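Okay, structure first, notes after.
The values are calculated or read from the model by the stated rules, or taken from the named source; none is laboratory data. These numbers were taken from a predicted model, which means no experiment stands behind them. FYI the Cβ positions are ideal-geometry reconstructions off the backbone, even for glycines, and counts take in every protein chain you see. Remember, those area values only see protein heavy atoms, side chains included, never the ligands or the DNA or RNA. Shrake-Rupley method; radii C 1.70, N 1.55, O 1.52, S 1.80 Å.
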Amino acid sequence: MDSKLYDTILPKHKIFEDLKESLQENTGAKLYNFMELRDDVLYIWNSLENCLFCLNLKHLEEHPDDTPYQRLQLLSPPEFSVERMVGSACGSRLCVYGGRGATLVDLPARWGRAGLFDNGNHTVLCKSVSLDERFLFSQGEVRRVHWHPSSLSHILVLMSDNSIRLYNIALKSGPKLIKSIPIGLKPSSQLAGRTILDSLGDTAVDFTPLPNTDSLLILRGDGEVYMVQCTLDSKSPLQPRLWGPLPIYPPADDNYGSESCSICVLGTGDTLLVVIATCSATLYHCLLLPAQSDDVIDRNGYALYVVESVELNINVSDDAEFPHSYPVHLYPCTSNTYACVHVCGVHTVSLPILDKLKEYVAADEASAERLACGVCAHSSAQHAVRWRGGAGGGRGAAAVRGARPLLLLLAPGGALLTRSLEPYELEEKLYREIQLRNTNLEPDDLNNLLKEKQKLSFVTIIQEILSREASQPLLHLSNTAADQPSPKECLELVTQATILLRKEYMGRQARAASALARKSAALAALAKNFVIWRNNISVEMESIAQRGRRLQQTCALAQQQQEDLKQRCSAVSRRLRAGSAACGGERALAAELQRYGRAAAALQQQIHALAAHARHRADELRRWHEEYKQKQTALGKTHSDTISSVLQQQTSQISSLIEETKLLKDQLSIV
C-alpha cells in the first residue's frame, strides 16, 4: 500500500472523529489496546456503543472519497469494561477482553466487489459469545489472552489465580474448557488490597507462545520465567509439566528486576529472542537456548542468556499512579522490531542481532568465526510518541506490513499517528488457515446442560458487582464521658469508615452504574438498529408487494396476448393451407375421402330405403293383424304354419338388414 494512505488519507477519515468521545472516557494511567489490523481491515473498539468499527484499507486506497466505515454490532455485547483486543491469525475471529471477562466475535463474511462485510452495509450484526462468563467474571482477573499457536479454534487465558485455561471455541454448543494448567500456588489471603503472592511477585503477570510450537513462556512478577507444554490432547489425565524457573545468565542479585510486567518473543526457528519488560520501562533482551549441564547440552531444558538491557528515557510526573498490572505493553511489529507502549508514550525498538544470528546459524565453519564478531549488535530505541503529562488512556498499536513498515498509534484524543520503523530487512509471513479439528461432540442433553450453566443474566452480574466483601459495623458508644473515644481514635474510625465505604460501597455503585450505562447504551444501539432494519424491511416488503401486483398484471396481459397470437397463428396457418396447391398425396387422399363420401351417401340412401321398407312391412303386418282380428276367421294348421314361416323369414331378413346397416354405419362412422 502507498504510504500516502497512512500519512494523509487514513488520519482524516470520519471514523476517528466518531471515536473521539469514546476514547476520552478512558482516562488515567491505565493502558488500553482498542485497535487491531488483520487482512487490510482496521478494527477499533467503541466503548460507548459496545461495538466494533472497521475500515477496509485496501478499498480506502482505491476509493479515498467513497469508503465509509462499518459498524459491527455484537449480538451479545460484553458486560465488562474492554481493555484489549486480539485477532486470530486467519482473521475470522476477534477476542475483546478485560479484567472481568472475554468475548469472542465471529466476523461475518466479506463479499461483493469491494470485499466489505455484508456487501457494505453500514451496520452489520456479528455473532458473539462470552468465554466462560460465570468463572471469569466472579472468580478472578483476566490478565492475558492469546490464541493457541498451533490451532485457530483454541484460545488461552491467563488468570490471576496462577492458572492458564485452554478453551475450544469451535464447538456447536459454545466454548468449552479443555484444561486448566496450574502454574503456581493459588493466591488466597490479601494484604493492603492485594494478595500476598502478588505483593511477593509469585503470580504470573504475562505469557507468550513460542512460534511454531506448543510451548508457552510464563512471566512472574519477580522476573522468573517458566515454560510449559500446552498440547491440544485433552484425553491425557496428567497435567502438563512446568519447567522453571529457567536459569538466566549471567545471574543478577535482583533477577533482572523485581517488578516485571510484560513478555514477548521475536524471531523464528532456533533464533528466538525474548523481551522482558519491567514496570519502570526497563527492557531485557534474552536469547532462548538449550540449557547446559556439565558441558552437555540438555535439550529438555532451556535457559535465557541476557544480551543487553535497555532503559527507556521516560519522565513520569510525581503524582502519576500505577495501580494496574500492566504499566508497559509490548507489541511485536516485524520479525526484528517491536513497540513498547507505556504511560509516557511509545518507543520502537529494533533488534539487528536477529538478522546477524540468522546469518551465523546458516553460515559454514569458514565464515562462522568472521560472522561471530558481528553478532553482538546493539539495539536501537526511538521515542516515537510522547503523551503530554505522562498520562492518558485509550491508546492502541498495530503494525502495517508493506514496502515501508509503519506503526499505527491511536492517541487518547482520537487522532491516528503514523510512525516509520527502522528499515531493516523484513520477512513476509503468510498466514495459512488451519482446518478446525473435528472433535467428538458429547450428547445433546449434556451439551445443553453445559450451555445453560455458562449463561449469566445481567441481574446476576449486577448482584455480583454489588456484593460486598466487608461491611461497616454498627458503632455503639457508652454515654459516660470516661468511655468516649479520643479525637485521634475518632479520626482513625472516620478514616477507616470512609475508606471502607468508598471501596465497598461507592466503588461498587460506580461499577454497577458503569455496567448499567454500558448495557443501556448497547441495548439502545441495538434497538435503534432494529427499528431502522424493521422500517427498511417494511419498505422492502411494500415494494416487493407492488412489484408482485405489477408482475401479476403483466402475466395476465401476457397470457391474453399469447392466446391472441395462437388464434392468429391458427388462422394464418389455415389460410396458408387453403391458398396453397395440394400435392399428389393430398389429392389422392381427397379423392379417397370423396369416394368414401359417395359410398356413404349411397349406403345412407339404402339405409333410408330399407328403413322405409321395414316401416311399410310393419304397417302391413299391423294391418293384417287388425284385419285378422276383425275377420275372426280360424285358419287351418297349414295356413298358420305357412304364415308363420313367411313372417319368420321376413323377420330374419329384416334383422339381417338391420345388422348390415349397423355394420355400414360403423364402417362409415355415421351416428
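Structural remarks
- Filtered by the rule that a residue be among the small types (G, A, S) and under 18 Å from the mean Cα position of the chain (by Cα), the stretch 139-161 gives S151, S153.
- Among the candidates H324, H329, residue that is modelled with pLDDT under 65 and either surrounded by 15 or more Cβ atoms within 10 Å (Cβ to Cβ) or of a type in the set (S, T, N, Q) (or both): H324
- Tally of residues being over 21 Å from the mean Cα position of the chain (by Cα) and assigned to a loop (DSSP other than H, G, I, E, B) across the stretch 162-182: 1
- All of (1) open to solvent by less than 100 Å² (accessible area, probe 1.4 Å); (2) out of contact with any Leu (no Cβ under 8 Å at 6 or more places or on another chain); (3) modelled with pLDDT of 55 or more hold for R508 with one exception: (2).
- Any hit, the stretch 88-100, residues being modelled with pLDDT of 85 or more, over 22 Å from L166 (Cβ atoms) and not in a strand (DSSP E or B): no
- Subset of the stretch 81-98 [touching a Ser or Thr at 6+ places or on another chain (Cβ under 8 Å) and among the hydrophobic types (A, V, I, L, M, F, W, C)]: V82, L94, C95, V96
- If you check I654, I643 for being surrounded by 12 or more Cβ atoms within 10 Å (Cβ to Cβ), modelled with pLDDT of 90 or more and of a type in the set (A, V, I, L, M), only one passes: I654.
So that you can scan it fast, the table gives a plain yes or no per residue for (1) open to solvent by 30 Å² or more (accessible area, probe 1.4 Å); (2) touching a strand residue (DSSP E or B) at 6+ places or on another chain (Cβ under 6 Å); (3) at pLDDT 85 or above:
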site: N26; (1), (2), (3): no, no, no
site: F34; (1), (2), (3): no, yes, yes
site: L42; (1), (2), (3): no, yes, yes
site: N50; (1), (2), (3): no, no, yes
site: L55; (1), (2), (3): no, yes, yes
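- Some residue of the stretch 554-561 being open to solvent by 70 Å² or more (accessible area, probe 1.4 Å) and either touching a residue at least 60 places away in the same chain (Cβ under 8 Å) or within 26 Å of the chain's Cα centre (by Cα) (or both): no
- Sub-6 Å Cβ pairs linking a first residue in the stretch 129-149 that is over 18 Å from R508 (Cα atoms) to a second residue that is acidic (D, E) and open to solvent by less than 50 Å² (accessible area, probe 1.4 Å), at least 6 apart or interchain, are R144/D206, ordered by first then second residue.
- The strands (runs of 3 or more DSSP E) falling completely within the stretch 212-273 that include 1 or more residues that are within 22 Å of V157 (Cβ to Cβ) and small (G, A, S) map to 215-220, 260-268.
- Sole exception among (1) under 23 Å from S76 (Cα atoms); (2) open to solvent by 60 Å² or more (accessible area, probe 1.4 Å); (3) among the polar types (S, T, N, Q) for N529, by number: (2)
- Matching entry among A618, A599 (being of a type in the set (A, V, I, L, M, F, W, C), surrounded by 10 or more Cβ atoms within 10 Å (Cβ to Cβ), assigned to a helix (DSSP H, G or I) and in contact (Cβ under 8 Å) with a residue 60 or more places away in the chain): A599
- Subset of the stretch 239-255 (residues that are among the charged types (D, E, K, R) and either free of Cβ contacts under 8 Å to residues at least 24 places away in the same chain or closer than 13 Å to L304 by Cα (or both)): R241, D253
- Search result, residues across the stretch 103-114 that are touching a residue at least 12 places away in the same chain (Cβ under 8 Å) and either open to solvent by less than 20 Å² (accessible area, probe 1.4 Å) or among the hydrophobic types (A, V, I, L, M, F, W, C) (or both): T103, L104, V105, L107, A114
- Taken over the stretch 80-102, residues that are open to solvent by less than 30 Å² (accessible area, probe 1.4 Å) and in contact with a helix residue (DSSP H, G or I) (Cβ under 8 Å, 6 or more places away or on another chain) amount to 3.
- Some residue of the stretch 154-168 being modelled with pLDDT of 85 or more and open to solvent by 30 Å² or more (accessible area, probe 1.4 Å): no
- Only listed residue being in a strand (DSSP E or B), of a type outside the set (V, I, T) and either surrounded by fewer than 19 Cβ atoms within 10 Å (Cβ to Cβ) or at pLDDT below 70 (or both), chosen from R419, R370, R404: R419
- Complete set of residues in the stretch 62-77 that are more than 20 Å from the chain's Cα centre (by Cα) and open to solvent by less than 70 Å² (accessible area, probe 1.4 Å): P64, T67
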